[in-house]
Amino acid sequence: MFRKYTKKYIFAIVILIFIVVEYTFLNFIELIGALGMFLYGMTLMSEGLQKVAGDKLRSILTIMTKNRFMGVLTGLLITTIIQSSSATTVMVVSFVNAGLLSLVQAISVIMGANIGTTVTAWIISLFGFKFSIADLALPVIAISIPFWFSSNSKRKSFGELLIGFALLFLGLELLKNSVPDLQQNPEILAFLTQFTDLGYGSVLLFLLVGTILTVVVQSSSATMAITLIMCGKGWIPFELAAAMVLGENIGTTITANIAAIPANASAKRAALAHTMFNIFGVIWALCLFYPFCQGISWLIEQMGQGSPHALMDMTKQLDAATMAAITDPNAVLTPEQTILKEQYLEAQVATSFGLSMFHTTFNVINTVVMVGFVGLINKTVTLLIPHKASDDEFRLTYISRGMLSTSELSIVQADKEILEFAQRNIKMYNIAKSLFYAKNGEEAAKIYARVEKYEGISDRMEVEIAKYLTKAAEGRLSTASKKNVHALLRVVSEIESIGDSSFNLAKTIMRKRNDAIEYSEEMTKRIENMFVKVDEALAEMMNVLNENMADMTMGSIEKSISIEREINALRNEYRMMNATNVKEQKYPYEVSVTYMDMIGECEKIGDYILNVVEQYQETRNRVVEEKV
């Protein structure tokens, strides 16, 4: 019977929403605009976080989420303060996208946010007060303007961060205001009263209704208010209202998934983890649905708040005229009606408390059960959303911001991380090189954006590894190991310089494209020759980095020196040819500028590569001397 009605009436809900509340095409365009503002704010905030406070904020968040239980507490506190689980999950997605939180940390914070959002329901029940963080959006934008126009890049980035933050929450508020106002038009849902006697089928139907309503109105609190209205009008009993609350837990995940649209794979995984967590909770709650509801009713009655079923029972007993009178705030009531109104308000409070208790108990139990499976959730979402080549993320593999291992072991871990760092910068160089062969402007813009993102990642990885090595040097190390730490610090700096030159190479290529400069076949061949030599130098550098220190021979560095000399010779040869060609007017001087800039950046990369190899050779010599 349930399957017979489902498709027909769920479709009817959507159609009626648009017809009854007179939802126009302009309203739809406003909705799309609000969504655009929300996504742009998300992107701007994420980029601002990376530029401004990435390192400091990472330290704070690491302390706050050092274990899964602290992460749950963090999510609970943040959501309680800003009174929006959607806002918390969106910020968590933003932090993951910026590389400030790991996926495991994010999952525990999201679990806490689910408990925190039930605190908001209690505040509404007790005080009827809800603070909207969107009210601060315009003042925040006003504060950000001086920073945004500052010539200081750090302050300018901070201004972008504030504007992104404001636009994100302003967009979220506009998103909520751009959807049909069901609270002012609850009659649209009156037809659902004919589906309250389908047994467990009704539970599933109203679960779906709660999910759809939350997706449409973009607010779990608004769904709760609509649910109370439906109970107050006697349309649905307490159990079906509880089913709608379960649906709300699924529907509220849509906001985080929307926020993850422009984000990287880790952010998408965080949003999916939120959805999986809530869906799992709904599944076990449905299995124990009726005993669970009875337990909540008993608990509310023991607290002296009355029965959550009283509101439905009362609306069934009273005639329509009496109900209209006691629910009208301006009506003149008889003494009997006044008593009935007081009873009605008490019944409303009991139902409100019952739904709040149901929501809180459900999320607390779900979190207690699932907090032990954070690792499994992490593996599952990673499997479902694999890392793609285009998902350039900031992550450290062998070291973390937590406690160090023993000092000697810390050097080994840092050495492995440096190898990963080098591979990432080589990848950045290859992406920059591919920009030279981009077929059109759109492809070039995408490639350049990846190089730009890699540059930011490279800068942050350099800081993280350097800090880790500095901290390791403060421990008990042998004299040779302390010297090795200083050598590795320089290696990190030189590898990051390879990334800087790769970024400069990409900028030069984009300048060439933007100025519509064309190179002759001979000039292109010379640049390709430089690319080939740099490729050889990078390959040899990786051989050195992968080689065991004790097994390293002078031959390891001699080959690198030879390649670097060849790069210098090519640079000098091409420089002289370029001067001659410009003098003979074979091509304009402005063409020679980008051409020689590319040649120069390739030569610089060769220098940085040799510096890395030399540092490893010096370290190898110390290892040999120490053994002797």
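The values are calculated or read from the model by the stated rules, or taken from the named source; none is laboratory data. No experiment lies behind these values; they were computed from the predicted model shown. Side chains are part of the model used for accessible areas, which takes the heavy atoms of the whole protein and leaves out ligands, DNA and RNA. Shrake-Rupley method; radii C 1.70, N 1.55, O 1.52, S 1.80 Å.
For this structure, a couple of remarks:
- By accessible area with a 1.4 Å probe, ligands and nucleic acids excluded, highest first: order of S307, S501: S307, S501
- Unsatisfied cross-links (Cα-Cα over 23 Å) in the set K512/K583; K268/K453; K66/K482; K533/K559: K66/K482
- Diffusion coefficient of the range 479-604 by Stokes-Einstein, Kirkwood radius over Cα pairs, 10 °C, 1.306 mPa s: 96 µm²/s.
- 3J(HN,Hα) along the range 347-353: 5, 4, 4, 4, 5, 4, 5 Hz, from the Karplus curve 6.51 cos²θ - 1.76 cosθ + 1.60 with θ = phi - 60°, whole Hz, x for Gly and Pro.
- The heavy atoms of D597 present about 60 square angstrom of accessible area, all protein chains included, probe 1.4 Å.
- Tensor-based shape of the range 267-310 (alpha-carbon gyration tensor, a/c under 1.5 rounded, otherwise prolate or oblate): prolate
- Cα gyration tensor category, rounded, prolate or oblate, for the range 421-473 with a/c compared to 1.5: prolate
- Accessible surface of K525 - all protein chains present, 1.4 Å probe, nearest 10 Å²: 110 Å²
- Listed values for the range 267-273 are Karplus-derived 3J(HN,Hα) couplings in whole Hz (6.51 cos²θ - 1.76 cosθ + 1.60, θ = phi - 60°), namely 5, 5, 5, 4, 5, 5, 4, and x replaces Gly and Pro.
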